[in-house]
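Single-structure report; data block below.
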């Protein structure tokens, strides 16, 4: 079985661009990369994925998308954002609320919906993988789960400040830190094209927002690698109101369980550890 794994830091709106990166995962556990991450809008992302599928003929495709894939609420937050938000803000990060009133992102004409329709819609992470599956992820939460945080004198840890569009808070050393952690993860899997791009990006003294998009696409892809390797992951939320998938982190799991208790939710119904199941032969 050959699986195409894709990390897509999405464009969110019709006029913006995001970034895409992909690899192949083989039955023997090895990987083959399909080039460095590239900047794309939604239309271009669809074209690249279809091209990979045509050329590589994978048995299955797993796409990890950094954008909400299930949004049914007309205002406010989804439950998953209410659960996850405190863990992000505690580390000086932010999380945008998803609702259908945000027309460009989640209204009827938002580009995410035809993209999802083309690739089978938002998939259930707890079901076996067949054909093409799209899962929602969130790079910031993945970094927390993986322990990619930094010590902070005011609190135990903080998220790296690696967004070059936020000039007042951007830290070059934080940028290099995230690049180093990502490079190590892909180097362990011998994905040389991706490693080369990340290492070059780390040496960039003036990275742009498009560089961060491509780095975030790599983080999305790393979540896909964890799924394909059948490593333990976390599903936060549910299939009715929206969910996020990230690698498993014991500390994060405990925080999210505590948040569920604080908000009157049953933790086991909203935060689930799981391993991706392969389809039957």
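The values are calculated or read from the model by the stated rules, or taken from the named source; none is laboratory data. A quick note: this is a predicted structure, and the numbers were derived from the prediction, not measured. Reconstructed Cβ throughout: ideal geometry from the backbone, glycine too, with neighbour counts over all protein chains shown.
Can you tell me how many residues within region 95-105 are touching a helix residue (DSSP H, G or I) at 6+ places or on another chain (Cβ under 7 Å) and either free of Cβ contacts under 8 Å to residues at least 60 places away in the same chain or part of a helix (DSSP H, G or I) (or both)?
Selection size over region 95-105: 4.
Residue by residue, here is whether (1) modelled with pLDDT of 95 or more; (2) out of contact with any strand residue (DSSP E or B) (no Cβ under 8 Å at 6 or more places or on another chain); (3) in a strand (DSSP E or B) holds:
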| position | (1), (2), (3) |
| --- | --- |
| 135 | yes, no, yes |
| 141 | yes, no, no |
| 145 | yes, no, no |
| 155 | no, yes, no |
| 164 | yes, yes, no |
| 173 | yes, yes, no |
| 176 | yes, yes, no |
| 182 | yes, yes, no |
| 185 | yes, yes, no |
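Kindly indicate which of 85, 47 is closer than 28 Å to residue 263 by Cβ, without any contact (Cβ under 8 Å) to a residue 24 or more places away in the chain and outside any loop (DSSP other than H, G, I, E, B).
85
Quick one: is residue 195 under 24 Å from residue 98 (Cβ atoms) and either modelled with pLDDT of 95 or more or assigned to a loop (DSSP other than H, G, I, E, B) (or both)?
no
Let me confirm something: among 256, 276, 234, 225, which residue is in contact (Cβ under 8 Å) with a residue 40 or more places away in the chain, part of a loop (DSSP other than H, G, I, E, B) and surrounded by 20 or more Cβ atoms within 10 Å (Cβ to Cβ)?
276
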